[in-house]
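Visitor: Once you've had a glance at the structure underneath, I'll fire off some questions.
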Amino acid sequence: MRKKVLIGNWKMNNTLAETNNFILKIPEICSLAQKKDVLVGIAPSYLSLELLVNNKDTMKVYAQEVSKHNFGAFTGDISIPMIKDFKIDGSLVGHSERRAYHLENDKDCNIKIKELLKEGLTPIYCIGETLKEFKANKVNEVISKQLEEGLKDVSISDIDNVIIAYEPVWSIGTGENASCEIAEKVCSFIRSILEKLYSKEVAEKVYILYGGSVKPNNIHAYLLEKDVDGALVGGASLKADSFLALLENI
Ligand code: PGA
């Protein structure tokens, strides 16, 4: 039986002072999460990671990005062994902002996903179509390609350690939510691809999240959908009170 999942992606937000404010409410967040049996996590900036890891209680803490190289002359990058040293639980992989501004592609994502799994860490693989692709009815085509290339050679014994986040690019930070019907249609399509690539039993175990303008007032409806196991939330996850409100509405 899959739990419900709430993961905050802070992007390039929250200074140390703001992170410290959030931390004050982590015990409250974790006790509510336990009561509701929800897996909660945060992907802060690198500079807030240590603070969160040291105060995380039962919360998961993820990086927003990792290098596909383990070490070397890659100025500004952070490697998977480095995040493992910090007792971080995993990392986002292939967020659309990384794909758009840093030209990450599905092959890069595939390397990172396999390396994270090898180290026992959780990849949160972000996929989704642009507005142009959505309007051209290419959603299934885009999603299949992202899944097939991103998960290439990920073994059947590892796939249920991967979290998939469906984030239509046109709904991220825009207030233009995908409807619950769209979210369910695509998340169920993702599960059908996983079934094709692995097996029905395995596909039923994988967490699939929706992301894109999720707020306290709309999270409940998404999570009623059969194949939407949770939400990856940007803006509404930055402040502890808003994070708590998201959790309360699950
Ligand atoms: P948003 O971001 O909730 O601010 O739309 C979601 C994401 O990018 O993960």
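Here, each number is a calculation from the coordinates, and none is a lab measurement. Nothing here was measured: the structure is a model prediction, and the numbers come from that model. When we count neighbours, we look across all protein chains shown, and the Cβ atoms used for this are built from the backbone with ideal geometry, even at glycine.
Visitor: For the stretch 126-250, count the residues as N, evaluate 2.2 N^0.38 Å, and divide the Cα radius of gyration by that value, please. Could the numbers behind the result be given before it?
Guide: Working: Rg = 14.4 Å, N = 125, 2.2 N^0.38 = 13.8 Å.
Here the answer is 1.05, to two decimals.
Visitor: Let me ask another. In nm, to one decimal, how far is the M82 label point from the K196 one, both placed 7 Å along Cα→Cβ?
Guide: 3.8 nm
Visitor: Could you give me the radius of gyration and the Dmax of the stretch 138-210, taking only the C-alpha atoms into account and expressing both in angstrom?
Guide: That works out to 12.5, 37 Å for Rg and Dmax.
Visitor: Fewest Cβ neighbours within 10 Å first, please rank L223, L32 accordingly.
Guide: On the way: L223 22, L32 17.
Ascending Cβ contact count within 10 Å gives the list L32, L223.
Visitor: Of K60/K185; K25/K215; K36/K226; K3/K138, which pairs sit farther than 21 Å apart, going by alpha carbon to alpha carbon?
Guide: Details: K60/K185 28 Å; K25/K215 19 Å; K36/K226 18 Å; K3/K138 30 Å.
As for pairs spanning more than 21 Å Cα to Cα, those are K60/K185; K3/K138.
Visitor: Above 35 Å lies some portion of the pair distances; for the chain, what is it as a whole percent of all C-alpha pairs? Provide the component values of the computation, followed by the final result.
Guide: Numbers: 2291 of 31125 pairs.
Of all Cα-Cα pairs in the chain, 7 percent lie more than 35 Å apart.
Visitor: Also: Straight distance only, please: which lysines reach the Cα of K68 with their own Cα at less than 17 Å, same-chain residues fewer than 8 apart left out?
Guide: Partners found: K84, K107, K112, K114, K118, K152.
Visitor: How high is the relative contact order of the chain, given as a whole-number percent (alpha carbon pairs under 8 Å, six or more residues apart)? Before the final figure, lay out the partial values.
Guide: Working: 470 pairs, mean separation 50.9, N = 250.
After rounding, I find 20 percent.
Visitor: What distance in nm separates the simple spin-label points at N55 and D153, each placed 7 Å from Cα in the Cβ direction?
Guide: 4.2 nm
Visitor: Something else: Let me know the volume per residue of the alpha-carbon convex hull for the stretch 77-181, in Å³. Intermediate values should be presented prior to the final figure.
Guide: Numbers: hull volume 12.8 nm³, N = 105.
In the stretch 77-181, the Cα convex hull volume per residue is 122 Å³.
Visitor: Can you give me the distance in nm between label points at Q34 and T75, each placed 7 Å from the Cα along the Cα-to-Cβ direction?
Guide: Between Q34 and T75, the simple spin-label model gives 4.7 nm.
Visitor: Within the stretch 172-222, list the GluC sites (Glu not before Pro) lying in a DSSP loop whose Cβ has at most 12 other Cβ atoms in a 10 Å radius.
Guide: On the way: sites: E176, E181, E184, E195, E201, E204; in loops: E176, E204.
Taking the stretch 172-222 and a limit of 12 other Cβ atoms within 10 Å, the loop GluC sites (Glu not before Pro) found are E176.
Visitor: Below 8 Å between Cα atoms, with a sequence gap of 6+, how large is the relative contact order for the stretch 5-108 in percent? Intermediate values should be presented prior to the final figure.
Guide: Values: 134 pairs, mean separation 25.1, N = 104.
Taking the mean separation of contacting Cα pairs over the length of the stretch 5-108, I get 24 percent.
Visitor: Rounded, prolate or oblate: pick one for the stretch 43-100, where a ≥ b ≥ c are the square roots of the eigenvalues of its C-alpha gyration tensor, a/c under 1.5 means rounded, and failing that, prolate if a/b is larger than b/c, else oblate.
Guide: On the way: a/c = 2.17, a/b = 1.42, b/c = 1.53.
Oblate.
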